[in-house]
Every structure is written in structure tokens, then in C-alpha cells.
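Here the structure is laid out as C-alpha cells; the discussion comes afterwards.
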Amino acid sequence: MLFSKLETRGMITKSSFLQFWRSEFAARNPRERTFWALKKKTANEIDSDDFKPVMKILLTSHPGLEFLANTPEFQERYSETVVYRIFFAVDTNDDGRISQREFLNSNLFDALMHVDREEDINKVRNYFSYEHFYVLYCKFWELDTDHDFLISKDDFSRYAGYTLSKKVLDRIFSQAPRKFRSKVEGKMSYEDFVWYLLCEEDKMTNRAIDYWFRVLDLDENGIVTGFELEYFYEEQKQRLEYLNHESVLYEDVLCQMSDIFKPEKEIMFRVEHFRRQRTLAPIFFNIFTNLNKFVAYEQRDPFMLKNEATEFPDYSDWDKFAQNEYSRLAMEEENPDNQFELE
């Protein structure tokens with residue numbers, strides 16, 4: 001990577017290297033040097049293509065990825081997924097570019113240093129874990145039944161046993177929470193699905209809070225009101241009754257959520273309310289969007305939750321989900337009938 005910034009006529013001289021070091025690197029700290037090394041020489045920001053040399057080096061040299069050497073398709077998918085995850089977390093403006101400020105304020109430098117020294121790729125849970133990639137890819141593959149690498153609304157509705165309400169599906173496919181990167185109208189691409197799944201399975205991050213807030217904010221005015229929440233809860237209540245679950249009155253739910261998040265004006269929720277109470281944000285969003293997680297919350301075992309928190313104190317909700325899903329997929333793949341291959 002540095003060679004491309006230094007070389008002249010295919011060679012680097014001692015004098016050219018020393019001149020480069022004094023002018024470009026000497027005054028910078030390691031984080032700033034890494035940002036400068038990643039971006040193009042004439043650019044001020046990092047784009048997704050800038051990670052291609054990094055991923056190529058990683059795939060050819062990291063001992064934890066040697067098993068992918070004979071599967072170039074999986075190497076490509078793994079690389080794409082890592083880059084999607086990086087931009088999901090670091091590109092705060094979601095404009096496809098990472099500024100120096102965003103890079104320095106993120107954990108990307110630490111993750112790069114971690115993956116460089118750690119032989120077990122799955123211990124690098126930030127961005128680079130192969131197990132995390134495998135979960136993301138398999139969840140997409142399960143929905144993409146015709147394997148055209150696009151998901152329709154009907155395909156997507158099957159996620160986690162039809163856990164999302166139709167109203168939520170409509171909001172996601174109207175691209176209210178995030179504009180699809182898919183080039184086919186009405187279809188979700190793999191990148192779009194990666195973003196959704198990261199937001200779905202860890203609703204404590206700023207990115208996820210923004211995503212689900214926009215789902216509920218029907219008039220897109222930055223405020224979620226009681227009328228909007230009732231619109232979503234009505235379908236949740238109907239689905240609970242259809243499944244013979246005892247439903248909770250909407251007024252009781254609203255009172256409980258107001259007590260938790262304490263909006264300054266009655267029943268007017270803003271993004272900052274959930275960022276201030278991010279550990280409780282998943283409860284709010286799941287009640288109005290995700291039936292399975294709503295039921296799980298109502299039937300929760302506090303002792304089990306305490307044990308889980310004690311056993312994996314530094315795991316995010318996404319880390320826990322990926323760990324459980326990978327174990328499930330590994331068990332299923334012991335049956336050859338459940339295995340799949342890339343086309």
C-alpha cells in the first residue's frame with residue numbers, strides 16, 4: 001500500500017523513503033498514519049475500494065483464513081461483508097466515505113491492530129470474525145431462495161419466522177430507515193440485508209437506534225408520538241391474540257415506556273431519549289416491531305438474563321446473537337442435506 005505512494009519507476013530509494021517519512025509520517029501518530037496509508041494519495045477520505053488491498057493481504061496471509069484459499073467466492077463474500085460492517089459502524093454520515101475524524105473516533109485502528117496479531121480470526125469480533133460473516137451470509141442465503149442475490153419483500157417477511165409485522169415490512173421496503181443500495185427496484189441487496197441484521201440484532205448502537213426510530217416516525221418529523229406507536233401496536237396486539245397470547249393494553253404499554261424514557265413532553269419520543277437509555281432501547285423497539293422478541297420480553301427469565309450477562313460481560317447483543325446462530329448452523333450442517341454451496 002505504501003509502495004504505491006512512494007514508488008517511482010518501480011523502485012524505492014533510501015532518499016525517497018526518508019523524504020516521504022519526514023514529509024508525511026514523522027509528525028503523525030500511528031492512527032493518523034494508518035488513515036493516510038489507507039486512503040488514496042489524492043483523496044481526503046477513505047472509500048470502500050481502499051480496503052481491497054487490506055483484504056487481499058489479510059486473506060493471503062492470515063492463518064485464520066487459510067481454509068478459504070480454494071474458495072475464491074467465499075473470499076469475495078467475506079471481504080465484502082467485512083467492508084460493509086466497517087462502513088456500518090464508522091461511516092456516521094452513511095455517504096460511502098470515512099473521514100479522518102470518523103476514523104480517529106472509531107475502533108477501526110484497534111481492530112486492524114488486533115487482527116494483525118491474533119491468529120484466531122473469530123476472536124476479532126469487531127468486523128473481521130469469520131463466524132460473524134458466516135452468520136450474516138447464511139441468514140441472507142436462507143431468505144434468498146432463488147439465489148439471485150436479491151431479496152423481495154415476500155422473501156424478507158420470512159425472517160425469524162415472520163417476526164416482523166406487515167407495517168414494519170412496508171416501512172423497511174419503503175426505505176424509510178435507510179435507502180437501499182440495491183439497483184433493482186423493490187429488492188433488498190446483500191449489503192442492505194447486512195445493515196438490517198446488524199440493526200435488528202443489536203438495537204443499542206446509535207446506528208440501530210436511528211434505524212428503528214425512522215421506522216416508527218411515520219411523518220419523519222423527528223418525533224414519535226402516541227398515535228404513531230398505536231398504529232404499530234395495533235397489529236402486534238392482533239397477532240398476539242391470534243396466537244392465543246395474552247395481550248397487554250396499549251395504554252399500559254405506553255405508560256410503561258413513558259416511565260422508562262421520560263419524554264419531556266407527554267408521549268413525544270425523540271432519538272436522544274433512546275441514546276440516553278440505550279440498554280433499554282431494544283425493549284421499546286421490539287414491542288412495536290418484533291413479535292417474537294416482544295413475547296420473549298414478556299416471558300423473560302431474569303435469572304437467565306443475569307447469568308448471560310455475567311458469562312459474556314464484554315459481548316454486545318450482536319456478538320451473543322452471532323455466537324448462538326453460528327452454533328445452530330454448525331449443528332445443522334452436520335446433516336449434509338442442510339449444506340449449501342455458492343453459485
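The values are calculated or read from the model by the stated rules, or taken from the named source; none is laboratory data. Keep in mind the model is a prediction, meaning the values are calculated, not measured. With ideal geometry, Cβ positions are generated from the backbone for all residues, glycine too; neighbour counts draw on all protein chains shown. Note: accessible area is taken over every heavy atom of the protein model, side chains too, but ligands, DNA and RNA are not part of it. Shrake-Rupley method; radii C 1.70, N 1.55, O 1.52, S 1.80 Å.
Name the residue from I267, S247, P302 whose Cα lies farthest towards the positive end of the charge dipole of the chain, charges +1 on Cβ of Lys and Arg and -1 on Cβ of Asp and Glu.
Sorting the options by dipole projection puts first I267.
For the residue pair I57 and Y162, what label-to-label distance in nm results when each label sits 7 Å from Cα along the Cα-to-beta-carbon direction?
5.0 nm
Please give every one of the lysines within straight-line cross-link reach of K39, meaning a C-alpha to C-alpha distance under 22 Å, and leave out same-chain neighbours fewer than 8 residues apart.
By straight Cα distance, K39 reaches K5, K52, K56.
Identify, among Q75, Y190, P30, the residue whose Cα sits farthest towards the positive end of the charge dipole of the chain, taking +1 on the Cβ of Lys and Arg and -1 on the Cβ of Asp and Glu, with the dipole about the Cα centre.
So the residue we want is P30.
Find which of H114, L104, H147 sits farthest along the positive direction of the dipole of segment 93-238, computed with +1 on the beta-carbon of Lys and Arg, -1 on that of Asp and Glu, about the Cα centre.
So the residue we want is L104.
Please compute the length gained on full extension between S316 and N292, using 0.36 nm multiplied by the number of residues separating them and subtracting their Cα-Cα distance.
Working: separation 24, 0.36 × 24 = 8.64 nm, distance 1.97 nm.
This chain segment gains 6.7 nm when fully extended.
Between 0 and 90 degrees, rounded to the nearest ten: what's the tilt of helix 302-311 against the longest Cα principal axis of the chain?
Computed tilt is about 10 degrees.
For segment 68-157, just say rounded, prolate or oblate: build the C-alpha gyration tensor, square-root its eigenvalues into a ≥ b ≥ c, call rounded for a/c under 1.5, and beyond that prolate if a/b exceeds b/c, oblate if not. Before the final figure, lay out the partial values.
Values: a/c = 2.49, a/b = 1.37, b/c = 1.82.
It is oblate, given that a/c is not under 1.5 and a/b is not larger than b/c.
Averaged per residue, what accessible surface does the chain expose to a 1.4 Å probe, in Å²?
Values: 18680 Å² over 343 residues.
Per residue, the chain has an accessible area of 54 Å².
Give the distance, in whole Å, between the Cα centre of segment 39-90 and the Cα centre of segment 120-142.
Here the answer is 13 Å between Cα centres.
Within the chain, what whole-number % of the accessible surface is contributed by carbon and sulfur, with the 1.4 Å probe and all protein chains included in the calculation? Kindly include the intermediate steps, with their values, before the conclusion.
On the way: 9310 of 18680 Å².
Roughly 50 percent, rounded to a whole number.
Compute the long axis of helix 190-201 from its Cα atoms, compare it with the longest principal axis of the Cα atoms of the chain, and write down the angle in degrees, 0 to 90, nearest 10.
Approximately 60 degrees, to the nearest 10.
For a quick check, take a GNM of the chain with Cα springs below 10 Å and name the residue from D116, D319, D192 with the largest mean-square fluctuation.
Taking springs between Cα atoms under 10 Å, the residue moving most is D116.
Which of the peptides 125-134, 48-57, 274-283 is most tightly packed, and how do the rest follow, going by the mean number of other Cβ atoms within 10 Å of each residue? Display every interim value, and only then the final one.
Working: 125-134: 21.9, 48-57: 14.6, 274-283: 16.6.
Result, highest mean first: 125-134, 274-283, 48-57.
List the aspartates and glutamates whose Cα lies under 17 Å from the Cα of K262, skipping any in the same chain that are fewer than 8 positions away.
Cα-Cα hits under 17 Å: E251, D252, E272.
Taking only Cα atoms, what is the 0 to 90° angle, nearest 10, from helix 72-90's long axis to the longest principal axis of the chain?
70 degrees
Loop-only check: which GluC sites (Glu not before Pro) in segment 198-283 are DSSP coil with at most 10 other Cβ within 10 angstrom? Let's see the in-between values first.
Numbers: sites: E200, E201, E220, E228, E230, E234, E235, E241, E246, E251, E264, E266, E272; in loops: E220, E246, E264, E266.
Here the sparse-neighbourhood loop sites are E220, E246, E264, E266.
Which of the residue pairs K153/K320; K139/K320; K187/K237 have a Cα-Cα distance greater than 18 Å in the structure shown? Working shown, then result.
On the way: K153/K320 27 Å; K139/K320 15 Å; K187/K237 29 Å.
As for pairs spanning more than 18 Å Cα to Cα, those are K153/K320; K187/K237.
Report the relative contact order of segment 184-343, percent, no decimals, based on alpha-carbon pairs under 8 angstrom and at least 6 residues apart.
Working: 109 pairs, mean separation 40.4, N = 160.
Worked out over segment 184-343, it gives 25 percent.
Express the relative contact order of the chain as a whole percentage, based on alpha carbon pairs under 8 Å and six or more residues apart in sequence. Walk me through the numbers on the way to the answer.
On the way: 325 pairs, mean separation 46.3, N = 343.
Relative contact order, the chain: 14 percent.
Which value, in debye to the nearest 20, describes the size of the charge dipole of segment 104-148 about its Cα centre when Lys and Arg Cβ atoms bear +1, Asp and Glu Cβ atoms bear -1, and nothing else is charged?
On the way: 4 positive and 10 negative charges, 52 e Å.
Result for segment 104-148 is approximately 260 debye, rounded to the nearest 20.
For the chain, with a Gaussian network of springs between Cα atoms less than 10 Å apart, report the residue from Y297, Y196, Y242 with the top mean-square fluctuation.
Evaluated over the chain, the most mobile residue of the options is Y242.
With charges set only on the Cβ (+1 for Lys and Arg, -1 for Asp and Glu), what does the dipole of the chain come to about its Cα centre, in debye to the nearest 20? Before the final figure, lay out the partial values.
Numbers: 46 positive and 64 negative charges, 385 e Å.
Rounded to the nearest 20 debye, it is 1840 debye.
How big is the charge dipole of segment 31-105 about its Cα centre, in debye rounded to the nearest 20, if each Lys and Arg gets +1 on its Cβ and each Asp and Glu gets -1 on its Cβ? Walk me through the numbers on the way to the answer.
Values: 11 positive and 13 negative charges, 70 e Å.
The dipole magnitude comes to about 340 debye.
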